[in-house]
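Novice: A single structure is presented below for examination.
The values are calculated or read from the model by the stated rules, or taken from the named source; none is laboratory data. Computed from a predicted structure; not experimentally measured. Here the Cβ positions follow ideal geometry from the backbone for every residue, glycine too, while neighbour counts run over all protein chains shown. Side chains included, ligands, DNA and RNA excluded: accessible areas come from the protein's heavy atoms. Shrake-Rupley method; radii C 1.70, N 1.55, O 1.52, S 1.80 Å.
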Amino acid sequence: MSLKKIQPPFLKKDDEVAIVSPSWSVDEDKINKAVVFLEDRGLKVRLGRNVLKQSGPFAGTDNERLHDLQKMTDDPRIKAVFCSRGGYGTLRIIDRMRFSALKKAPKWFVGFSDITVLHLWLSEVIGVASIHGEMPLNFSGKVRTKATFSTLHDALFGGYKPLAWKGTFIRPENTTGEVTGGNLSLIYSLIGTKAEPKTRGRILFIEEVGEYYYNLDRMMTSLRLAGKLRGLSALVVGGLTKMEDTKTPWGKSAEQTITESVSDYSYPVFFNFPAGHTDDNRAFYIGKPAKITLKGEKAVMEFI
């Protein structure tokens, strides 16, 4: 049985928010610019004690990264937690997190990529909605679209608008369901854990970056064998970026590989959703119900 998700309160001016680094390390310059970015939007920013630490590729040891995430989760004055960047590392600490304080004082968690682990743990284990969106690493970048940041603002402060996009649509039709998912590699890594996503009747979002085509096929096949691609309300596919081939060519595009993986099912598949490791990385909610409506050549996702 699916948990009814708690929605954290929307932010307002002068709220205090935090930046932590649960995954890979991040440059100080990126964090300094992210602080300015958030302060310019009327927020007060607190940094995790270990946000700039480095231990190998990680932002500090497992204990240091866990400390910051736990401290900001427990503090009721913090109204949103921004994960500085992705990479890898959240999976190593997530089972040691305590979320009892979060249920009493819910707050938004923001990130994507490796932060998929946190999103799905919050959604499936704790029952709290969160925001799949851009991270401080890229707040100062010139290549992100205006919509990347306007949708993040609207998701945090309320007034989120219907999101429309064009793309390749397979078996298109109007549909409704709770949104789940994130980075495909991280969804794959959570199969068999408490946080593996329930997908039946839901809108499953996936995106990926820097994978070999055969790895994409392996992950999709694994999800199919685990029953995670059966009975979806819809499959929504975001960025499939920097995909790589082997010496012997795979012979199919990423889109063809995914389409083939779900060819036995009748639900709609919507490609080119503007989210993921792309310049147009629009924010949206994980753990909230949405409807997808076809309007001419576009699909429109609206949270309900």
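Novice: Rounded to whole Hz and in sequence order, give me ³J(HN,Hα) for segment 282-289 from the Karplus expression 6.51 cos²θ - 1.76 cosθ + 1.60, θ = phi - 60°, writing x for Gly and Pro.
Specialist: Couplings: 7, 6, 7, 8, 9, x, 10, x Hz.
Novice: Right, another one. Give me, ordered by chain and number, the residues 5 or more places off residue 16 or on other chains with an amide H under 5 Å from its own placed amide H.
Specialist: 44, 79
Novice: Next question, about the same structure. Tell me the carbon and sulfur percent of the accessible area for the chain, rounded to whole percent, probe radius 1.4 Å. Could the numbers behind the result be given before it?
Specialist: Numbers: 6420 of 12870 Å².
Roughly 50 percent of what the probe reaches on the chain is carbon or sulfur.
Novice: Take every DSSP beta bridge with both residues inside the chain and express the antiparallel ones as a percent of the total, to the nearest 5.
Specialist: Numbers: 21 of 50 bridges.
Restricted to the chain, the bridges split so that about 40 percent are antiparallel.
Novice: From the helices alone, meaning DSSP H stretches of at least four residues, give me the mean residue ellipticity at 222 nm for the chain, per-run term -39500 (n - 2.57), in deg cm²/dmol to the nearest 500. Could the numbers behind the result be given before it?
Specialist: On the way: 9 runs with 80 residues, N = 304.
Result for the chain, helices only: -7500 deg cm²/dmol.
Novice: Given a cut-off of 19 Å, name the pairs among 228/295; 12/53; 4/298; 161/288; 4/295; 33/288 whose C-alpha atoms lie farther apart than that in the structure shown.
Specialist: Details: 228/295 28 Å; 12/53 30 Å; 4/298 30 Å; 161/288 14 Å; 4/295 30 Å; 33/288 31 Å.
Among 228/295; 12/53; 4/298; 161/288; 4/295; 33/288, the Cα-Cα distance tops 19 Å for 228/295; 12/53; 4/298; 4/295; 33/288.
Novice: How many nm separate the modelled label positions at residue 304 and residue 104, each set 7 Å beyond the Cα in the direction of the Cβ?
Specialist: In this crude label model, residue 304 to residue 104 measures out at 3.6 nm.
Novice: Does anything in segment 216-237 have its amide N under 13 Å from the 7 Å Cα→Cβ label point of residue 255, and if so which residues?
Specialist: 237
Novice: Each residue of segment 256-272 in order: what ³J(HN,Hα) in whole Hz does its phi give by Karplus 6.51 cos²θ - 1.76 cosθ + 1.60, θ = phi - 60°, with x for Gly and Pro?
Specialist: 5, 5, 5, 4, 4, 5, 10, 5, 7, 10, 10, 6, x, 10, 10, 8, 6
Novice: Rounded, prolate or oblate for segment 92-217? Axes are the square roots of the Cα gyration tensor eigenvalues, ordered a ≥ b ≥ c, and the cut-off for rounded is a/c under 1.5. Don't skip to the end; give the middle numbers.
Specialist: On the way: a/c = 1.32, a/b = 1.09, b/c = 1.21.
Since a/c stays below 1.5, the shape of segment 92-217 is classed as rounded.
Novice: Could I ask something else about it? Work out how much length residue 49 to residue 266 would gain on full extension: take 0.36 nm times their residue separation and subtract the Cα-Cα distance, in nm to one decimal.
Specialist: On the way: separation 217, 0.36 × 217 = 78.12 nm, distance 4.92 nm.
Difference between extended and current length: 73.2 nm.
Novice: Calculate one ³J(HN,Hα) per residue across segment 190-206 by plugging θ = phi - 60° into the Karplus curve 6.51 cos²θ - 1.76 cosθ + 1.60, and present them in order as whole Hz with x for glycine and proline.
Specialist: 9, 4, x, 9, 4, 9, 4, x, 6, 10, 4, x, 10, 8, 9, 9, 9
Novice: Right, next: If each Cα of the chain is one equal point scatterer, what is log10 of I(q)/I(0) from the Debye formula at q = 0.11, 0.12, 0.14 Å⁻¹?
Specialist: -0.62, -0.75, -1.03
Novice: Let me ask something else. Percent relative contact order of segment 68-226, based on C-alpha pairs within less than 8 angstrom and at least six residues apart? Mind dumping the intermediate values first?
Specialist: Numbers: 185 pairs, mean separation 32.3, N = 159.
That works out to 20 percent.
Novice: Can I ask one more? In nm, to one decimal, how far is the residue 242 label point from the residue 191 one, both placed 7 Å along Cα→Cβ?
Specialist: 2.5
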